[in-house]
Amino acid sequence: MLAVSKRVKQTKPSYIRNILKVTQQADMLSLAGGLPDAELFPLDILTQAADELAQSPSIFQYGATEGLTELRQWLLEENGAAEDVLITTGSQQALDLIARSYLNPGDKVLCEAPSYLGALQVFDLAEAEIHTVIAEADGPNLAQLEQQLANYKIKLFYAVPDFQNPSGHCWSLSKRKAVASLLAKYNVALIEDAPYRQLRYQGEPLPTVSKLSSYAAFHLGSFSKIATPGMRVGYVRAKQALLAPLIKVKQASDLHSAQPMQLMLLATVRHPSFTEHLDKLTNTYRTRRDYLAELLQQQLSDKLEFNVPQGGMFIWARLPHHNAMSLAEAALRQKVAIVPGDEFWPSNHTPDYQAIRLNFTALTEPQLEQAVSRLKKALLQCSPM
Ligand code: PMP
């Protein structure tokens, strides 16, 4: 039998990707995924963008590893250069490229707890030692952050400051500034992962933490949540010198991300109707967020506690009386899928066994109503701890 590598063996499979198979059953309602609603994909704009591809036949040729120059330019910040942007196969690939470029086995990476599962998998595969700092509603606990930075040789700090997956938290301006200055003080690089940044339902956008940083910072963006995830286009913005090793790894990994998809996305985001699409998307998701919050408040307020997030895709709820994994199993029997919170802790840490993540973007209001009524039945069947 061919032996599997140690790093793959020690990486836990994604519960969410596994549960996706179950949620594809016709009668299952899923609050589990991080999926945008396919009914809201901007198909008219995408079709027009696809038609334009025929006018650029060379787009179907091999291309540059860095990505299409016009798309990179479109993604620039003021005073930036195209060299400061690398197009990736989803922002997930950017995480992998950073880990493979900068981490040796045993290097220390600091993550928020809870944290995005896909990032934890990448750091496991890189055989990093994962440390955590508590994610509070307005950003990481600063005393704990400084304690970690001062006492361990942390190399990278991975964070999702805008509407975090899974907690929905959005960092305050003061914590953004405080984190940026702590990272500079201890010379720790930042990976700011921001796929939900454009899905804001209230309040004004805050500056990115990478913009406030004076030390090395990578800002990761994605078209998955605002256009479509299946096109698999994301990007990483950082100083050219920081990106150079990533380009080398990407050459070895997939040569470059699919050019027709990059061009289609550029035409899509430049389309005069794209702003209208974004408005429709955020209005629909805001209504669904409010609806789910109202249902939970009305029907389950004695069984779970939660805050309403200002954006993103998830409500993170705590169960004062129940174990989340038992509830997730009871919920599947009632044909509703949820994700138990334990999945969002690194494997060598004690997780919160009493939290669940609920997605509100993929189901319509009547479906959300049905899903909450099934969740209520599951809670009644599930014995309290
Ligand atoms: N980062 C976070 C925090 C995510 O939630 C996701 C997707 N669920 C990704 C990265 C990966 O997104 P992409 O489709 O751009 O690879």
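Read-outs: derived from the displayed coordinates by stated rules, not from any lab. Everything quoted here is computed from the prediction, not taken from an experiment. Don't worry about glycine lacking a Cβ; one is built from the backbone with ideal geometry, like all the others, and counts go over all protein chains shown.
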**Request:** Would you work out the charge dipole size for segment 274-338 about its Cα centre, treating the Cβ of every Lys and Arg as +1 and the Cβ of every Asp and Glu as -1, and quote it to the nearest 20 debye?
**Result:** 180
**Request:** Quickly work out the ARG318-to-LYS153 label distance, labels modelled 7 Å from Cα along the C-beta direction, and quote it in nm with one decimal.
**Result:** 3.7
**Request:** Sort out for me the Cα centre separation of segment 202-247 from segment 113-145, rounded to whole Å.
**Result:** 18
**Complete:** Taking a crude spin-label model, label points 7 Å out from Cα along the C-beta direction, the GLN381 to LEU20 distance in nm is 2.6
**Request:** Would you please give the FRET efficiency between SER347 and ASP290, computed as 1/(1 + (r/R0)^6) with r the Cβ-Cβ distance and R0 = 35 Å, to the nearest 0.05?
**Result:** 0.50
**Fill in**
Once both label points are put 7 Å beyond Cα along the C-beta direction, the GLU52-GLN202 separation in nm becomes 3.7
**Request:** Quick one: go through segment 256-298 and flag any residue whose amide nitrogen is under 20 Å from the point 7 Å out along the Cα-to-Cβ line of TYR62.
**Result:** 256-263
**Message:** Taking the Cα centre as origin and putting +1 on Lys and Arg beta-carbons and -1 on Asp and Glu beta-carbons, what dipole magnitude results for the chain, to the nearest 20 debye?
**Reply:** 820
**Item:** Likely footprinting exposure, TYR152, TYR196, fewest C-beta neighbours within 10 Å first
**Value:** TYR152, TYR196
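I'd like the Kirkwood hydrodynamic radius of segment 46-270, using the inverse of the mean 1/r over distinct C-alpha pairs, in Å.
Details: mean 1/r = 0.0557 Å⁻¹.
About 18.0 Å, per the Kirkwood formula over Cα pairs.
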**Request:** Quote the FRET efficiency, to the nearest 0.05, computed for SER214 versus VAL8 with a Förster distance R0 of 35 Å and r equal to the Cβ-Cβ distance.
**Result:** 0.40
**Message:** Ignoring solvent entirely, what values of log10 I(q)/I(0) come out of the Debye formula for segment 237-309 at 0.13, 0.14, 0.24, 0.25 Å⁻¹ when each Cα is a single scatterer?
**Reply:** -0.75, -0.78, -1.05, -1.09
**Fill in**
Computed, not fitted: 222 nm per-residue ellipticity of the chain from DSSP H runs ≥ 4 (each -39500 (n - 2.57)), nearest 500, equal to -12500 deg cm²/dmol
**Asked** Mind checking which of MET28, MET264, MET313 has the largest fluctuation in a GNM of the chain, springs on alpha carbons under 10 Å?
**Response** MET28
**Prompt:** About the Cα centre of segment 46-270, what is the dipole size in debye to 20, counting +1 per Lys and Arg Cβ and -1 per Asp and Glu Cβ, all else neutral?
**Reply:** 280
